[in-house]
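Remarks on the structure that follows.
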Amino acid sequence: MITRYDFGAPVSTGAAVLNITPSHGDIPHFQLEETGEGLRLSCPLEEDTCLFGLGETVWGINKRGHIYRAWNTDETTHTEDKKSLYSAHNFLIVSSPSGAFGIFVDDPGEVIFDLGATSLKRMTIDCHKDVTLYIIEGGSCVEICREFRELTGPSYVPPYWAFGYIQSRWGYAGEEDVSRVTRLHRENHIPLDGICLDIDYMDRFRDFTLNPKTVPDLKKMVDKARKDRVHIIPIIDAGIPANPDDATYLSGIENDTFVKEENGEVFRAAVWPGLSCFPDFLSPRASAWFGDRYRPLLEAGIDGFWNDMNEPSLFYSAKGIRKAWESLRQLNEENIDTDGNWRMHQAAGSLANSMEDYRSFYHDMNGTRVNHERVHNLYGFGMTRASREGFDRFDGSKRYLLFSRSSYIGAHRYGGMWMGDNCAWWSHIKLNLQMLPGLNMCGFLYCGADIGGFGKDTTPDLLLRWLQLGIFTPLMRNHTSIGTRQQEIYQFECMDEMRNMVRLRYALIPYLYSEYMKAVQSSGMLFRPLAFDSPDDPMARHTEDQLMLGGECMIAPVYEPNAAGRTVYVPERMLVLRMRSPEDMDAELLEKGTHFVRCALGEVLLFLREGCAIPFAEPTESTKEARKAPVHMMGWPFSKPYLLYLDDGVSYAPGWTTLLDGTGEDGYAL
Ligand code: MIG
């Protein structure tokens, strides 16, 4: 049961799609306190209470023991002390052995979740005094989640090809890169469905322009890639260059679509193209304008985009840099002394993403002027919605690939997301896994991390192990930063093992796609904590490095270097498949309990629940041929039939499901 509580005059965020009448009773579970600036909710934590949710954050699956600040931030180093990443997903389930409830703090400004960090036995949430809170009670974590998802609406469905392997690198600029990367994947028989272009495909990093050297003929490039069964996925940034020779800028000024300062002047801050203006994604009119800017790219046949820098990230503002120079000018040029040294660092180091800048501009929310600080976390959501609505206006019958860096709950209806700038660190494989269930709880089903790591140089074994998690995530993209080691699979001596992982992914797509669609249609989750499926099992409740996947499977990836396998908690009788390739695997029956399961570098583990089998396809080199590839059932002999989801993969025409016979002839022989 969902109860809504309104305090003061809350901002309407667009997160919820159900219009629930606010209740005037006391809010259950929490003690409410008015602090100077806002509201504080606090609630005691029992010893065995687990806290699940919050979407994209650092920390474990259980969020207890850390402070989180909902404030969308371009954070380039995801270490365990970080309080904010790129998105705000303020939904949390408080699960105790005695029962569970959910809370959604629908506040688009800063919210602080102190989840047993200041005190072991207490959680507090600090939000604004104008806020809408939803409390969901009754039932298990799975049921609470389902109610929350019904409140916030159905998840985005990408095209089928978006389940294919995507190769990306900051530095891919156009035709040459696309043909080389395509050719080397095809020559080496590494399956591939998409290549991302990063900011260098644009003319001086300006949105909706093309670098004439690297993209002389967009349509030709797109058509050629399509013949090679590859989709080109260009990046679009939030900022528009404040430059009178830029057509998008001129159009934005003419149509009055940029956010403004108090005095009515257009707000300017630097990002990649230099001083830029920022579309007002909270204004429907400005959003429609922005969505229509994609049209020339869509007309050229582009059918996938990634939206970046939409926290919004600001390198410095026009005002901020002026102040910094003033402060620097006061220093002695040769001997700046200790205080001066501190001031110099302060002046330069506080320029990016400054609170002062965020406070200095306003949005036009249907005629009401709202300071950005109050609604900061809605900006990326607005950009996602604006672009998606633009695609729909262009061709409402077609599904486009779209994933964003910044988001708020509600954005999950319009697009997917990636987890931003991780590093080539082993700990980030685990972090990738731990973020998945929280994101799924909040409706973000189409997501994934930069496989192999964005920052720092990857290593062959790190990439291989990371692929062994990535083959299960709907967005499976290898992406890395400019300046790092080449990270395409064909760069490595263990290419054969890596290729086999991608081939396994393609063998699993019928399963992943079917389970994805079932999760969409039932407001369910593709990835769940073990605690959700086995709420009364104390071991399952505290398992931090394994996930349930769909209705039939569990995954337990290896995320440590030099491992010959790993310890796995098996919450019920399962068959583990130790897979080296679609053609080469062995199986072992595991009883409930803790096991050390062998898993050599070239192997990936997939656990199947008792009596379950999953569809498994003959892998193809792109999803284009996948429809014709034979599918058989793999798993327990004499397993129950499986409901396979089949649709045309691009339109919104409802799919039809087929029952695959699981009688056992095709079952994996024990
Ligand atoms: O300031 O476009 O997270 O994926 O490669 C860096 C360049 C801007 C950040 C994104 C990353 C992308 C990079 N971008």
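The values are calculated or read from the model by the stated rules, or taken from the named source; none is laboratory data. Keep in mind the model is a prediction, meaning the values are calculated, not measured. Cβ atoms come from the backbone with ideal geometry, glycine included; neighbour counts cover every protein chain shown. Accessible surface is based on the protein model in full, side chains and every heavy atom, while ligands, DNA and RNA are left aside. Shrake-Rupley method; radii C 1.70, N 1.55, O 1.52, S 1.80 Å.
Scan around ILE451 for amide H atoms under 5 Å from its own, H built in the peptide plane at 1.01 Å from N, and keep only partners 5 or more places away or cross-chain.
The list, which skips near neighbours in sequence, is ARG477, ASN478, HIS479.
Using θ = phi - 60° and the Karplus curve 6.51 cos²θ - 1.76 cosθ + 1.60, what whole-Hz ³J(HN,Hα) does each residue of region 565-572 get, with Gly and Pro shown as x?
Working through the residues one at a time gives x, 7, 7, 10, 8, 9, x, 7 Hz.
Summarise the accessible area of region 26-124 (1.4 Å probe, protein heavy atoms) by the percent that is carbon and sulfur. Show your work: numbers first, answer last.
Values: 1690 of 3680 Å².
That fraction is 46 percent.
Would you please put 437-443, 197-203, 351-357, 520-526 in order of how densely packed they are, using the mean number of other Cβ atoms within 10 angstrom per residue and starting with the highest?
437-443, 197-203, 520-526, 351-357
For q values of 0.13, 0.17, 0.18 Å⁻¹, compute log₁₀ I(q)/I(0) with the Debye formula on a Cα-only model of region 312-460, without solvent.
Listed by q, the Debye log ratios stand at -0.85, -1.08, -1.11.
Solvent-accessible area of LEU184, probe 1.4 Å, all protein chains present, reported in Å² to the nearest ten, please.
40
For the chain, what does the relative contact order come out to in percent, with C-alpha contacts under 8 Å and a separation of six or more?
13
Which aspartates and glutamates have a Cα less than 14 Å from the Cα of LYS323, not counting those fewer than 8 places away in the same chain?
The reachable aspartates and glutamates, counting only those whose Cα sits under 14 Å from LYS323, are GLU356, ASP357.
Sorted from largest down, give the three principal axis spans of the alpha carbons of region 220-322, whole angstrom values.
Principal extents (Cα only, largest first): 52, 27, 25 Å.
So how compact is region 2-152: Cα radius of gyration and Dmax in angstrom?
For region 2-152, the Cα-based Rg and Dmax read 14.6, 43 Å.
Antiparallel versus total DSSP beta bridges in region 68-212: what percent is that, nearest 5?
90
With the alpha-carbon atoms as the only input, what is the per residue convex hull volume for region 375-444 in Å³?
Values: hull volume 7.0 nm³, N = 70.
For region 375-444, the hull spanned by Cα atoms encloses 100 Å³ per residue.
What order do you get for 598-610, 213-225 when each peptide is scored by the mean count of other beta carbon atoms within 10 Å, highest first?
Numbers: 598-610: 20.1, 213-225: 16.8.
So the peptides 598-610, 213-225, ranked by packing, come out 598-610, 213-225.
Put a dot 7 Å past each Cα toward the Cβ at HIS632 and ARG122; how far apart are the dots in nm?
It is 6.2 nm.
So, with +1 on the Cβ of K and R and -1 on the Cβ of D and E, and no other charges, what is the size of the charge dipole of region 223-297 about its Cα centre, to the nearest 20 debye?
580
Suppose all protein chains stay in the model; what accessible area per residue would a 1.4 Å probe give for region 316-389, in Å²?
For region 316-389, the solvent-accessible area averages 57 Å² per residue.
In Å, what is the Rg of the alpha-carbon atoms in region 112-190, and how long is Dmax?
Expressed in Å, the Cα Rg and Dmax of region 112-190 come to 23.1, 60.
I'd like the accessible area for LYS319, computed on protein heavy atoms only with a 1.4 Å probe and all protein chains in place. Round to 10 Å², please.
Rounded to the nearest 10, the figure is 110 Å².
Given +1 on the Cβ of Lys and Arg, -1 on the Cβ of Asp and Glu, and no further charges, what dipole in debye does region 512-666 carry about its Cα centre, rounded to the nearest 20?
The dipole magnitude comes to about 220 debye.
List the extent of the Cα atoms of region 512-666 along each of their three principal axes, largest first, rounded to whole Å.
43, 34, 32
Which whole-number percent gives the relative contact order of region 297-373, counting Cα pairs below 8 Å spaced six or more residues apart?
29
Sequence gap at least 6, Cα distance under 8 Å: using those rules, report the relative contact order of region 536-670 to the nearest whole percent.
19
Per Stokes-Einstein, at 4 °C and 1.567 mPa s, what whole-number D in µm² s⁻¹ belongs to the chain, with the Kirkwood radius over Cα pairs as the hydrodynamic radius?
On the way: Rh = 25.7 Å.
My calculation gives 50 µm²/s for D.
What does the extension gain come out to for GLU261 and SER651, with contour length at 0.36 nm per residue minus their alpha carbon separation?
136.2 nm
Which is farthest toward the positive dipole end of the chain among THR620, PRO28, TYR414, measuring Cα position about the Cα centre, with Cβ charges +1 (Lys, Arg) and -1 (Asp, Glu)?
Farthest towards the positive end: THR620.
Helix-only estimate, please: 222 nm mean residue ellipticity of the chain, summing -39500 (n - 2.57) across DSSP H runs of length 4 or more and dividing by its residues, to the nearest 500. List each step's numbers first, then the result.
Values: 16 runs with 170 residues, N = 670.
The helix contribution divided over the chain gives -7500 deg cm²/dmol.
Given a 1.4 angstrom probe, I'd like the percentage of the accessible area of region 512-666 that is carbon and sulfur, rounded to a whole number.
Carbon with sulfur: 57 percent of the solvent-accessible area.
Counting only protein chains, not ligands or nucleic acids, how are PHE208, PHE258 ordered by accessible area (probe 1.4 Å), most first?
PHE208, PHE258
Determine the dipole magnitude for region 2-152: charges of +1 sit on the beta-carbon of Lys and Arg, -1 on that of Asp and Glu, nothing else is charged, the reference point is the Cα centre, and the result goes in debye to the nearest 20.
180
Before I look further, what does region 531-670 give for accessible area per residue, probe 1.4 Å, in whole square angstrom?
Value for region 531-670: 45 Å² per residue.
Name the long-range amide H neighbours of ARG122: under 5 Å, sequence gap of 5 or more, or other chain; modelled H, no Pro or chain starts.
Long-range HN contacts for ARG122: LEU45, GLY116.
Cα centroid distance between region 279-312 and region 387-452, in Å?
16
Return the sequence-ordered ³J(HN,Hα) values of region 593-609 in whole Hz as given by the Karplus equation 6.51 cos²θ - 1.76 cosθ + 1.60 applied to θ = phi - 60°, using x for Gly and Pro.
In residue order, the calculated couplings are x, 9, 9, 8, 10, 5, 7, 5, 3, x, 10, 10, 9, 9, 9, 10, 5 Hz.
Label-point separation (nm) for LYS219 and HIS345, each offset 7 Å from Cα along Cα-to-Cβ?
5.6
Could you order peptides 556-569, 270-283, 372-385 by the average number of other Cβ atoms within 10 Å of their residues, highest first?
Highest-to-lowest ranking by the protection proxy: 372-385, 270-283, 556-569.
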